[in-house]
Amino acid sequence: MINRLTVPRLHPSPAVLEPVTVCVPARDEADKLPDLIADLRAQVGVPRLRVLILDDGSSDGTAERARAAAGDDPRITVLRSEEPPPPGWTGKAAACARLAVHAGVTDALPGALTGAHTPDPTARIDAGRERPDSTTGELIASVARERLHPPVGDPADTPSGERRNSLADSRRGFPSAPSVVVFLDADVRLAPQAIAAAVAELRRSGAAMVAPWPWQRSGSPAEALVQPLLCWSWASNLPVPLADRSLRPSAVVSNGQFLVFDVPAYRGIGGHASVAGSPTEDLDIARALRRAGSFTRMVAAGRLASTRMYRGATELDTGYTRWLWSAYGGSPTAAAAIGVAAGTAYWIPPAAAVLGRGRLRGIGTLGYAAAVAGRLLARRLETGTALRAADVGSALAHPVSVAAYQLLVLRSHRARRRGSVRWKGRPAVTTRS
């Protein structure tokens, strides 16, 4: 209830005049990316907007669909990379780092071109200490190769080839580097005011990073059971306004689907190199900022941004399996302890309400009602709109949702032990050489 009343919401704002670059990493997103591009082309209040889209080795024609959706919009550049993530990097962190270099947000090209290695200051984020690593240099060197050798695609004398397919020309016509960089997932949908509102919130709050939390939409029973748990998990356990006034890394709330950074702060921690191997790079990059003395902020953005993160039970299972093992410090013991606590809190009360008698039944009913109310408050906070029948139904099924979550945690730890954690045809985390 406290979060429902106090968590700030993303609201439309006046135009922002500073240069803003939106970066979209995309791998096998041909079906989703055109809708996001249409939303980005419709953005208002960002006159100095630039959009960079990286097709990260897709096999489904993502780049071609993106170019078609971009049309002749000179603000949009579509890039393609065939380089796999370097050892020790996740695919998403590597793609975001490549985009940051192309955007002029980070630039280590001179050292890479001379064979120098760039240190990775947080190869293990929780260690909080520097250790040298060559993989950041390898990543930037691969970007250098891409710049020196533009990809084969539309001929250079065609509009699409000239505007979007040449990496060597990707920064032409943009005289100043951005002061704000936004990272978006391909499955996010935006209202026309979303980018301007997010940048205005970044500046109004004085934070180094703002994480607008999109409305997590569901299209299947499995999604309706699990997806609302994302917002509920922090809304029911953390007083967010207090947490956002703290530099404690453990009090971070973040969402990698939509992240907005102040460029000097992002550059100061080394960008996505600081979270190269993290399966939850969104949380860990916010923690890196806080360790560096910068504040981060979460805002509810359901009225201006939404997403359908996974489509169906199979994709949901695969998606959560790739990273849930890392929750609670990656400790199976901690995960088991949390599982016992959740089972006690959310299974025993409804069981008492059904099987108990007298006062026990009343207490069980009250406990179950409290859990359902918590789910509904979290959903209302997330969406910013009136509750729907599906929201009420999934809240009533909260004990089943908790059981589904525990099953996903178990499957994720088992896949991690077997070394079979994969995402979109790649190992979820590559090993260091």
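The values are calculated or read from the model by the stated rules, or taken from the named source; none is laboratory data. Remember, it's a predicted structure, so these values are computed and weren't measured experimentally. Every residue, glycine among them, receives a Cβ derived from its backbone with ideal geometry; neighbour counts consider all protein chains shown. Surface accessibility is based on the protein's heavy atoms, side chains included, excluding ligands, DNA and RNA. Shrake-Rupley method; radii C 1.70, N 1.55, O 1.52, S 1.80 Å.
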Practice item. Scan segment 159-167 and give yes if some residue there is open to solvent by less than 10 Å² (accessible area, probe 1.4 Å), of a type in the set (G, A, S) and at pLDDT 50 or above, otherwise no. Key: no
Point to revise | Selection within segment 358-407 - polar (S, T, N, Q) and either in contact with a His (Cβ under 6 Å, 6 or more places away or on another chain) or outside any helix (DSSP H, G or I) (or both) | key: T385
Review point. Name the pairs: first residue in segment 337-362 and in contact (Cβ under 8 Å) with a residue 24 or more places away in the chain and closer than 22 Å to W325 by Cα, second residue of a type in the set (S, T, N, Q) and assigned to a helix (DSSP H, G or I), Cβ to Cβ under 9 Å, at least 6 apart or on different chains?
Key: G339/Q406; A342/Q406; G343/Q406; Y346/S401
Review point. Tell me, which helices (runs of 4 or more DSSP H) lie completely within segment 204-295 with 2 or more residues that are aromatic (F, W, Y)?
Key: 228-235
Point to revise | Filter result for the condition that a residue is open to solvent by less than 10 Å² (accessible area, probe 1.4 Å) and at pLDDT 95 or above, over P212, P192 | key: P212
Check your understanding: Which of (1) of a type in the set (K, R); (2) within 22 Å of W213 (Cα to Cα); (3) open to solvent by 40 Å² or more (accessible area, probe 1.4 Å) is the odd one out, the single condition R359 does not satisfy?
Key -> (2)
Review point. Going by the structure shown, is A335 surrounded by 15 or more Cβ atoms within 10 Å (Cβ to Cβ) and over 30 Å from P87 (Cα atoms)?
Key: no
Revision key, fill the gap. If we keep only residues of segment 1-46 that are without any contact (Cβ under 8 Å) to a residue 40 or more places away in the chain and surrounded by 18 or more Cβ atoms within 10 Å (Cβ to Cβ), then the residue farthest from G256 (Cα to Cα) is A30
Check your understanding: Restricting attention to segment 278-296, which residues are charged (D, E, K, R) and either without any contact (Cβ under 8 Å) to a residue 24 or more places away in the chain or open to solvent by 10 Å² or more (accessible area, probe 1.4 Å) (or both)?
Key -> E281, D282, D284, R287, R291
Review point. Does segment 338-348 hold any residues that are open to solvent by less than 60 Å² (accessible area, probe 1.4 Å) and under 13 Å from V409 (Cα atoms), and which are they?
Key: G339, A342
Practice item. Tally the residues that are within 20 Å of the chain's Cα centre (by Cα) and not in a helix (DSSP H, G or I), restricting the search to segment 85-105. Key: 6
Exercise for review: Evaluate segment 127-144: report whether one residue or more is modelled with pLDDT of 50 or more and part of a loop (DSSP other than H, G, I, E, B).
Suggested key: no
**Study point:** Subset of segment 308-329 [outside any helix (DSSP H, G or I), farther than 25 Å from P249 by Cβ and open to solvent by less than 60 Å² (accessible area, probe 1.4 Å)]
**Key:** Y310
Exercise for review: Go through segment 84-117 and give me each residue that's at pLDDT below 90, within 17 Å of G268 (Cα to Cα) and surrounded by fewer than 22 Cβ atoms within 10 Å (Cβ to Cβ).
Suggested key: D107, L109
Review point. In this structure, is R375 open to solvent by 20 Å² or more (accessible area, probe 1.4 Å) and not small (G, A, S)?
Key: no
Check your understanding: What helices (runs of 4 or more DSSP H) completely inside segment 1-76 contain at least 1 residues that are more than 29 Å from A378 (Cβ to Cβ)?
Key -> 33-41, 62-70
**Study point:** Among (1) open to solvent by less than 60 Å² (accessible area, probe 1.4 Å); (2) at pLDDT 95 or above; (3) farther than 25 Å from R388 by Cβ, the one test that L366 misses
**Key:** (1)
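Given the residues V275, V299, which is the only one that is under 14 Å from V7 (Cα atoms) and either surrounded by fewer than 22 Cβ atoms within 10 Å (Cβ to Cβ) or in contact (Cβ under 8 Å) with a residue 24 or more places away in the chain (or both)?
Matching residue, one of V275, V299: V299.
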